Amino acid sequence: MRTRRPRALQLVRYTIQTTVAAYVLVIVIANTTGERWAANLHTICPFGGVVNLYTYFVEGGYVAKLHAAVFVMLLALLVGLILTGKSFCGWICPLGSIQQGLGWIGRRLWPRAYNKLPRWLDGALQYLKWAVLVWVLVQTARTGRLIFQDWDPYFTLYHIWTDEIALTGYVVTAATVVISFFVPRPFCRYACPLGAFNGIFNSFSFIRIKRDAQTCTDCGRCTKVCPVNIDLCASTTIRSIECTRCLQCIEACPQNTRGCNTLGLHTWFSGLVPSGRSQGTDAPSPASAKPGRSKRVPTSAWVFAAIAIAAFVLPILITNLTGDFKIAGGGRGSGNGGGRQELIEPGLEGIEEGLDGAAMNVDYQQIRGSTTLGAMQFMGADIGDFLAEFDLPQDIPLSTRLRDLAEQYGLPLSEVRAYVDHAAR
Ligand code: SF4
Ligand code: SF4
């Protein structure tokens, strides 16, 4: 049986990446326009589950703007990580896909300048993301706020049309976009806390990439095509935390096309199968043809792709069908910045619905134009007093946003912020 042409697999990968990125955009637009079926971006990002672990298990609640659905996302992520390693980054994550697309453009615009960062600098910068991961976990646990939002290019790109973006978000995003034209996936490799977390699983995932040193000719093509500069010839099992499981190296290996399966995907158990039963090859490899030599059975790249996608999609699909994936109401905010330590008791997430959806925009310290009167009431402000303080009609609906008050009644946001800060003390 002849293996499929490499190009087809990458086309499928690009299609999946594009579809996910577009789908997330639809959800975010729906959320920011007030559709109650649409979750906020934090709720559908698995990193929300990672940063919420401490708060949930130690303090018994959720970080501001998160709720139970983030644990479904985390479960989906973990299943994929355990089975396939860091495939989420290479096949699903929209921010990774965007950087990949920008890199594709940059590589064609200035091929001589693309990916020319000195190795020592590239390697040193890769440690940065661990510091970011620790900082985000500690600060989120300490404050109960999604502190990374104000730095996160993923959030910024998907909310660029809103007034929710902090200056730091613009700066990091601009840097990410510009550098992506010259360096492959710079944010993923140097600054992404989720990328650091995901990379841990590359060492022991159920399916891993292995190189057969017996049949490898050291031609270096795998290393050359690797978008994250992994030296595949330096090891026989690819454990690098940078590997996004894009599988371009496997496709590029000329020995694979000769039926040697030199660079392939292997499960924990592939070495247990006796020689002479390899899959997906045209002919037995020269090494495996030797009698008595054990031969690992490779896993098809297509099977790997199907597992990677199914592992992420199925938990979400199933919990949607069973009703356990509750994103209705859009989580806690269409994208506001962080807030105070704002914990919701597990099982009481629905308490906010009494405010007609308004409390979904709760923010304590960074009142925004999209914050509603209902959200302010949820924070403890007496809306009657508030309206009286500014000589506003008492019958203004709780769903009214502060930016509407500014437009209709000339009430500056700064004065509202000062009032809320004062009322909360
Ligand atoms: S080692 Fe292979 S699968 Fe991993 S990132 Fe590089 S090319 Fe992609
Ligand atoms: S492309 Fe294949 S043969 Fe060439 S160095 Fe990589 S693993 Fe070895």
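Here are the numbers:
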read-out	value
Of residues in segment 185-216 being closer than 18 Å to Asp231 by Cα and polar (S, T, N, Q), the one farthest from ligand 1 (Cβ to nearest atom)	Gln214
Some residue of segment 98-108 being modelled with pLDDT of 95 or more and farther than 27 Å from Phe182 by Cα	no
Lys129 being touching a Leu at 6+ places or on another chain (Cβ under 8 Å) and not assigned by TED's automatic domain parsing to the domain that holds Ala406	no
Residues of segment 235-252 satisfying the condition of being of a type outside the set (Gly, Ala, Ser), out of contact with any helix residue (DSSP H, G or I) (no Cβ under 8 Å at 6 or more places or on another chain) and in a loop (DSSP other than H, G, I, E, B)	Thr236
Set Leu411, Leu405: member being farther than 29 Å from Val51 by Cα, modelled with pLDDT of 75 or more and in a loop (DSSP other than H, G, I, E, B)	Leu411
Per-region count, segment 82-113, residues in a loop (DSSP other than H, G, I, E, B) and either within 12 Å of Cys246 (Cα to Cα) or within 16 Å of ligand 1 (Cβ to nearest atom) (or both)	3
Hits in segment 160-176 (condition: touching a helix residue (DSSP H, G or I) at 6+ places or on another chain (Cβ under 7 Å), over 14 Å from Ile98 (Cα atoms) and not aromatic (Phe, Trp, Tyr))	Thr162, Ile165, Ala166, Thr168, Gly169, Val172
Residue match in segment 185-193 (condition: surrounded by 14 or more Cβ atoms within 10 Å (Cβ to Cβ) and over 25 Å from Gly80 (Cα atoms))	no
Which listed residue, of Thr168, Thr173, is surrounded by 17 or more Cβ atoms within 10 Å (Cβ to Cβ), farther than 13 Å from Thr32 by Cα and assigned by TED's automatic domain parsing to the domain that holds Ala30	Thr173
Residues of segment 265-277 classified as at pLDDT below 75 and assigned to a loop (DSSP other than H, G, I, E, B), total	5
Of all residues in segment 253-264 being within 9 Å of ligand 2 (Cβ to nearest atom) and not in a strand (DSSP E or B), the one that is surrounded by the fewest Cβ atoms within 10 Å (Cβ to Cβ)	Pro254
Hey, Asp122 part of a helix (DSSP H, G or I), in contact (Cβ under 8 Å) with a residue 12 or more places away in the chain, among the charged types (D, E, K, R) and surrounded by fewer than 21 Cβ atoms within 10 Å (Cβ to Cβ) or not	yes
Residues within segment 73-119 that are loosely packed, with under 15 Cβ neighbours inside 10 Å and under 20 Å from Thr319 (Cβ atoms), tallied	1
Test: residue in segment 243-252 that is more than 10 Å from ligand 1 (Cβ to nearest atom), surrounded by fewer than 22 Cβ atoms within 10 Å (Cβ to Cβ) and at negative phi	no
Complete set of residues in segment 217-232 that are surrounded by fewer than 16 Cβ atoms within 10 Å (Cβ to Cβ) and within 11 Å of ligand 1 (Cβ to nearest atom)	Lys224, Asp231
Among the candidates Thr215, Thr267, Thr223, Thr237, residue that is polar (S, T, N, Q), near ligand 2 (Cβ under 10 Å from one of its atoms) and closer than 19 Å to Val297 by Cβ	Thr215
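The values are calculated or read from the model by the stated rules, or taken from the named source; none is laboratory data. Everything numeric here is computed off the predicted structure, so don't read it as measured data. Cβ atoms come from the backbone with ideal geometry, glycine included; neighbour counts cover every protein chain shown.
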